[in-house]
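J.: This structure is in C-alpha cells; I'll ask about it shortly.
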Amino acid sequence: MVKMIDNEKIAKLLLSGAKMTDKHCKRCSYPLFEKDGKIFCINCGSETKEDIINEKIEFLYNKLKDTEDVEEIEKIGRAIETLKKIKSF
C-alpha cells in the first residue's frame, strides 16, 4: 500500500530551501528532493547511490590524510578506486 504524500512535510521542506526533483524513489515511488547537494526521499529516507558513494569516498580521503602506513594507503586507494567504478555505472 502506498502512503499519501504528506503535503505539510513537503511544504516545510520546500520552505527550508529544498527542491523537488523530477525523479521518484525506487523504493516507495515518492518524489525525490535535493538539498545541500544531496538527493533523498522524505518518505523512506533513502539517498541516491551517488550520494552514498560520495560520502564513503570523502570518508576514505580523510582517513588517507591521517595515515602514513603504506599498506593502509594502498588499501584505502583500492577502496576509493572501487567506489569510483561503482559510481560510474
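Every read-out reported here was derived from the displayed coordinates using simple, explicitly stated rules and does not represent laboratory data. Note that the coordinates shown come from a computational prediction; the quantities given were computed from them, not determined experimentally.
J.: Ignoring everything except DSSP H segments at least 4 long, calculate the 222 nm mean residue ellipticity for the chain; use -39,500 (n - 2.57) per segment, divide by total residues, nearest 500.
T.: Numbers: 3 runs with 44 residues, N = 89.
About -16000 deg cm²/dmol.
J.: For the chain, take the longest principal axis of its alpha carbons; what is the angle in degrees between that and the long axis of helix 49-65, to the nearest 10 within 0 to 90?
T.: So the helix axis and the longest Cα principal axis differ by about 30 degrees.
J.: Oh, and also: Hey, of (i) 24, 16, 14; (ii) 35, 14, 9; (iii) 45, 19, 9, which did the structure itself give for semi-axes √(5λ) of the Cα gyration tensor in Å when calculated?
T.: Answer label, from the structure shown: (ii).
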